[in-house]
Amino acid sequence: MSEKVRAILESHPIPGVFSKDLRPLWLCMVPAIMASIANGFDYSMVNGLQNIPYFYENTSQNVTQAFPELSADATGAVYFGTLVNMWGFSGFLTMILIPFGLDKLGRRGALIAGGLTIILSSIISGSANAFAQLCVGRFFTGIGVGIACTAAPAYIAEMSHPSHRGVMVGVYNCWWTVGSFLCEGVIRGTITIQNNWSWRVPLLAQIVPATIMVLGAYWLPESPRWLLINGRTAEAKACLVKFHGKGDENDLLVAAEIEEIQEAVNEERETTSGFWSLFNFKPLFDSPSSRYRLLCLVILQGFLAFNGGSLGSFSVKFNELAGFTDPLLLQDMTWIGSAWGVVTSLAGSTFVDKLGRRTMLLYFLVLWYFFLTLSATALTLVTSNDDQWSGRRGTAILYVCLGYFGSTAWTFFFTPLQALYPVEFFNSTQRGRGLALGNLISNVCNIINNYLIPIAVTTIGSHIYWVYVTWGIVTISVVYFFMPETKGRSLEELEEIYSSKNPVKTSLSKISKLEIGEVNEKTA
């Protein structure tokens, strides 16, 4: 945050993050949180549907499948990879739609558009009688979730109180785990249905969070930053007065925020004129500062996409390799993991302003690759020995436990960062374009993962783990040398970091004592 804003906050009581003064602000976050729930719900859908015999061939259950293409062999793996990747393929179109949605429709309008698209896609997928229709539904799901989940963190970051932005955006992404838990629970309830409704119900259930998002977003105030960019200064001030100034139009914090945002908007105005400027990605490359911001995005969305997290989308298949083949048991194992993820991610979100973004990311990577290496070792031992090996069952159980330890590191340290960190890479004008490009990079990487992993399961089995373990050395090194710390500065003030000669060194310099946990004596 700027020196002026920081000075005002240091001389005035800071409202507690869950205090009465900020409750209306938290209420505004509910529709955006639904986007995170929808995203988590959809992500877990991929893993859960593999466990339903009427959807995906299960060698232990002889039933008539709805889609013969999804067989248990390598050909079926390619078809399943294609189905999963329809979400990723949609990213190429979403990259064009997101800048228009965020910059022309506004953050609020983009949430509504994304939610309506998810509702449409759920109806298409849930009523599918052919594999092609199912793929079309998944394609539109990718568009809807992509738009909504780009607009939501941008909205929360721009609406949040300056002293609590890290926690608010971090908590937003933690609701992803709630969506995952709900999806796994729905599938656990329908897996015993002996017909195609066993997979239709979970697909149709995606309508629920999307509907809440659409109805809630209709009543939301627009982001003050977006209002100022579009010349609606009076509305922007009214919004900040209501949510940051306790209704006082002469509040010093509101005045400082307006001034700070307006200065940044004026500097960026030349890149926002005209409709076609929405699709001009030059602002992401036009200066050393912009290119460093882009590098950070590529590291987070590209390098980290190959950290092995995608293995979780196919945990049912890997658990089968370990000897766990009962569908109910497999679903219970996944559901327990999702429930634990809710607890650990919410706990982790309270540390993003204490530990900082960079520190949490490094903690995550070290712990994640440690447990991934142990998991790879355990699964290799299980699959390389026959059923008569006395240690097979115990090692298989150890493999499952190590998976829970790894997911704990993920949800505690990484989940709160996934939405927060990318938002802090860009200024107001770059944000829509940057997040759209990040969405595209992530989708391209996920397309590779989602074709590679199901085929690898049927060919090289557990050895695919070692590919990701090896990549971990590269990832940790790149993050350590290039990723800056962004806590304690406003979205506008971050330019100081990215334009410096050594952004990492600059970001680690002492910036302020105004950090959550250090001002308890001032909190209301």
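The values are calculated or read from the model by the stated rules, or taken from the named source; none is laboratory data. Just so it is clear, the structure is predicted and the values come from calculations on it, not from any experiment. No Cβ is skipped: glycine too gets one built from the backbone with ideal geometry, and neighbour counts run over all protein chains shown. With ligands, DNA and RNA removed, areas are computed over all heavy atoms of the protein, side chains included. Shrake-Rupley method; radii C 1.70, N 1.55, O 1.52, S 1.80 Å.
Past 31 Å, Cα to Cα: identify those pairs from 104/246; 20/282; 282/501; 282/354, in the order given.
20/282; 282/354
Can you give the longest stretch of the chain with no exposed loop site, where a site means GluC sites (Glu not before Pro) in a DSSP loop (not H, G, I, E or B) with at most 12 other C-beta atoms within 10 Å?
250-517
Could you check how much of the accessible area of region 83-179 is carbon and sulfur, as a whole percent, using a 1.4 Å probe?
78 percent
Let a ≥ b ≥ c be the square roots of the eigenvalues of the Cα gyration tensor of the chain; is it rounded (a/c under 1.5), or, if not, prolate (a/b larger than b/c) or oblate?
Note, shape of the chain comes out prolate.
Given 0.36 nm per residue, what is the gain on full extension from residue 463 to residue 286 after removing their alpha carbon distance, in nm?
59.5 nm is the gain from fully extending residue 463 to residue 286.
Under the rule that an exposed site lies in a DSSP loop and has at most 13 other Cβ atoms within 10 Å, name the longest stretch of the chain with no chymotrypsin sites (Phe, Trp or Tyr not before Pro) of that kind, not counting the sites themselves.
Longest site-free region, per DSSP loop and neighbour criteria: 19-218.
Let a ≥ b ≥ c be the square roots of the eigenvalues of the Cα gyration tensor of region 78-207; is it rounded (a/c under 1.5), or, if not, prolate (a/b larger than b/c) or oblate?
Oblate.
Quick one: accessible area per residue over region 314-413, 1.4 Å probe, rounded to a whole number of Å²?
Per-residue accessible area for region 314-413 comes out at 42 Å².
Based on the alpha-carbon gyration tensor of region 436-497 and its eigenvalue square roots a ≥ b ≥ c, which shape applies: rounded if a/c is under 1.5, prolate if not and a/b is larger than b/c, or oblate?
The shape class here is oblate.
Using a 1.4 Å probe over the heavy atoms of the protein chains, calculate the carbon and sulfur portion of the accessible area of region 344-427 as a whole percent.
Exposed carbon and sulfur together represent 68 percent of the surface.
Probe of 1.4 angstrom, ligands and nucleic acids ignored: what's the accessible area per residue over region 116-176, in square angstrom?
22 Å²
What stretch of the chain, leaving out the sites themselves, is the longest with no trypsin sites (Lys or Arg not before Pro) in a DSSP loop having at most 14 other Cβ atoms within 10 Å?
The reported range is 247-500.
Could you work out how far apart the two model spin labels at residue 448 and residue 230 are, taking each label as a point 7 Å from the Cα in the direction of the beta carbon, and quote it in nm?
Computed distance between label sites residue 448 and residue 230 equals 3.8 nm.
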